[in-house]
Amino acid sequence: MKFSTALLFATTAAAVPFGNWKQWKQPSTNCLTDEQAAYINELSTIFQLKANLTAARLAGEELFAAEEYKQYGHSINSLRGDALGTLVEPSGTQYVENVLSAPPLARIDSLASLHNCTHIMEHWDFYGVGGPQNANIPVRGFSLTKVDLTREKQPVVWRQVEFNSMQWANNTGFTIEFPTSGPYAPQPE
Ligand SMILES: *[C@@H]1O[C@H](CO)[C@@H](O)[C@H](O)[C@H]1NC(C)=O
Ligand SMILES: *[C@@H]1O[C@H](CO)[C@@H](O)[C@H](O)[C@H]1NC(C)=O
Ligand SMILES: *[C@@H]1O[C@H](CO)[C@@H](O)[C@H](O)[C@H]1NC(C)=O
């Protein structure tokens, strides 16, 4: 297990020789290294941020574009009005297209990352969800990523993504109203 602060993380990521995932199988290993975990997190950030659409597509395709990729998340289920547990993306290729067709974010901060031999958990803040007017509003969440090191390409098998969907909703134009009674109703001054 390895814990990286955002700062340490950036240092690790900078040292990674970017390239094709395949390179990471030389020498082959049956346990995710710190460098491999940092590489996957860094590519995932480039993909989600979409600051450069070409780089974002390359990163997304390298990690996720397997047909059998699966993504789950109650936060997205609720935003879409789907039953909890519904598969969020039908395939990896569709996931890549869906992310690339959404507007770019302002910034992504990696707050922490932990991994073992097969899974990576990353804690993050997405800034700018819903548009540049939200550039200073963080939507905080976690991704749990399952990796298969035996694969020649698209090492990510599935992801569980959960985040502050109330903030996401408000940023993207949902109307959020407090209840008028009960414990969550605003208290009189
Ligand atoms: C965008 O990414 C591509 C692919 O990595 C790269 O070739 C290009 O130089 C980048 N463009 C800018 C403006 O950084
Ligand atoms: C790695 O973490 C995942 C997620 O908690 C767990 O399912 C898996 O069993 C762990 N692997 C080992 C070898 O402990
Ligand atoms: C939703 O966003 C608006 C600004 O667009 C803000 O005034 C309001 O307080 C937010 N509501 C909640 C519940 O966060």
*Candidate aspartates and glutamates - alpha carbon under 16 Å from Lys153, same-chain residues fewer than 8 apart omitted*: Glu61, Glu62, Glu67, Glu68
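How do Thr118, Thr145, Thr93, Thr175 line up, fewest other C-beta atoms within 10 Å first?
The fewest-first ordering by Cβ neighbours comes to Thr175, Thr118, Thr93, Thr145.
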*Would you mind checking which residues have amide H under 5 Å from Gly130's amide H? H placed 1.01 Å from N; only 5 or more apart, or other chain.*
none
*In sequence order, what are the phi-derived ³J(HN,Hα) couplings for region 58-64 according to the Karplus relation 6.51 cos²θ - 1.76 cosθ + 1.60 with θ = phi - 60°, rounded to whole Hz, with x for glycine and proline?*
4, 5, x, 5, 5, 8, 10
*Classify region 113-189 as rounded, prolate or oblate, taking a ≥ b ≥ c as the square roots of the eigenvalues of its Cα gyration tensor: rounded when a/c is under 1.5, otherwise prolate if a/b is larger than b/c and oblate if not.*
prolate
*Under 5 Å between amide H atoms, partner at least 5 residues away or on a different chain: which partners does Val88 have, H built in plane at 1.01 Å?*
Gln71, Tyr72, Gly73
*Amide H to amide H under 5 Å from Arg107: which residues, 5+ apart in sequence or cross-chain, H placed 1.01 Å off N in plane?*
Tyr127
*For region 85-132, just say rounded, prolate or oblate: build the C-alpha gyration tensor, square-root its eigenvalues into a ≥ b ≥ c, call rounded for a/c under 1.5, and beyond that prolate if a/b exceeds b/c, oblate if not.*
oblate
*What list of ³J(HN,Hα) values in whole Hz, one per residue of region 79-89 in order, does the Karplus curve 6.51 cos²θ - 1.76 cosθ + 1.60 (θ = phi - 60°) give from phi, with Gly and Pro shown as x?*
4, 8, x, 8, 4, 4, x, 4, 4, 7, 10
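Bear in mind these aren't lab numbers, they're just calculated from the coordinates by the rules spelled out. Just so it is clear, the structure is predicted and the values come from calculations on it, not from any experiment. Note that we place each Cβ from the backbone using ideal geometry, even for glycine, and neighbour counts take in every protein chain shown.
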